[in-house]
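The numbers here are math on the coordinates, done by the rules we state, and not lab data. Treat the numbers as computed from the prediction; the structure is a model and nothing was measured. Using ideal geometry, Cβ is built from the backbone for each residue, glycine included, and neighbour counts are taken over all protein chains shown.
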Amino acid sequence: MRQRIEGHGTRHHVMPQKNYCFGCGKDNPEGLRLKFHFDEERRVATCRFRLSRRFWGPPRHAHGGIIATILDEAMGKVNKLRHVVAVTSTMEVRYHRMVPLGEPLVVEGWERRVRGREHINVAEIRNQAGEVLASSKGKFIAVDPVRMFARFLREQEKK
């Protein structure tokens with residue numbers, strides 16, 4: 001299955017509908033499969049999740065790289081609220097407390113500011129008590145997906 005995407009201007013291109021993203025891809029059997037919900041009024045992207053033992057880092061707690069991935073995913077999703085495709089340029093992570101495996105957690109991302117193509121977003125992972133376990137700040141650069149993925153699109157059209 002394929003879906004149409006629009007770039008800047010009036011050109012239409014075809015992208016595969018399968019989503020293999022490690023963070024949110026439903027078609028990636030090895031990924032996190034995070035499902036985000038958007039609150040347009042609060043301008044927040046939210047995902048509730050539990051981490052399994054396969055993401056083990058310190059005993060019974062999540063690996064720091066997985067925590068960073070979840071925060072990056074939440075900050076990246078915020079760009080959808082502005083209907084832009086933006087890629088991570090820089091990211092800063094702060095680990096406040098250990099992130100437990102197997103417990104209900106929530107990650108939320110929101111926008112701090114936008115200047116031209118530069119989007120500064122932040123995110124937090126919290127436990128059920130609302131304690132912040134990890135937080136991040138990232139710079140995202142808005143891109144034209146048609147130009148960014150032109151070679152990929154040409155390869156797909158040949159198939």
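Can you list the residues, at least 5 places off or on another chain, whose amide H is less than 5 Å from the amide H of residue 85, using H built in the peptide plane?
Excluding prolines and chain starts, which carry no amide H, the hits are 143.
Quick one: Karplus J couplings for the range 131-145, per residue in order, coefficients 6.51, -1.76, 1.60, θ = phi - 60°, nearest Hz, x for Gly and Pro?
6, 6, 9, 7, 9, 8, 9, x, 9, 10, 10, 5, 10, 8, x
Select one label from [x] -0.73, -1.00; [y] -0.91, -1.04; [z] -0.57, -0.85: the one whose number is log10 I(q)/I(0) by the Debye sum over Cα atoms at q = 0.12, 0.15 Å⁻¹ as derived from the coordinates shown.
Label [z] holds the value from this structure.
Given H placed 1.01 Å from N in the peptide plane, which residues other than close sequence neighbours of residue 101 have an amide H under 5 Å from its amide H?
61, 62
Short version: ³J(HN,Hα) in whole Hz for each residue of the range 30-42, in order, from phi by Karplus 6.51 cos²θ - 1.76 cosθ + 1.60 (θ = phi - 60°), x for Gly and Pro, what are they?
9, x, 7, 6, 5, 10, 9, 10, 10, 9, 4, 5, 7
List nothing, just return the count: lysine pairs in the range 20-159, 8 or more apart or interchain, with Cα separation under 26 Å.
15
Does anyone have the angle between helix 64-78 and the longest principal axis of the chain? Alpha-carbon axes, 0 to 90°, nearest 10?
Roughly 50 degrees between the two axes.
When Lys and Arg each count +1 and Asp and Glu each count -1, what net charge do the other residues less than 10 Å away from residue 123, Cβ to Cβ, add up to?
Surrounding charge for residue 123 is -2.
Around residue 96, which amide H atoms from residues at least 5 apart in sequence, or from another chain, sit under 5 Å from its own amide H, with H modelled in the peptide plane?
Those qualifying (amide H under 5 Å, at least 5 residues apart or on another chain) are 134, 135.
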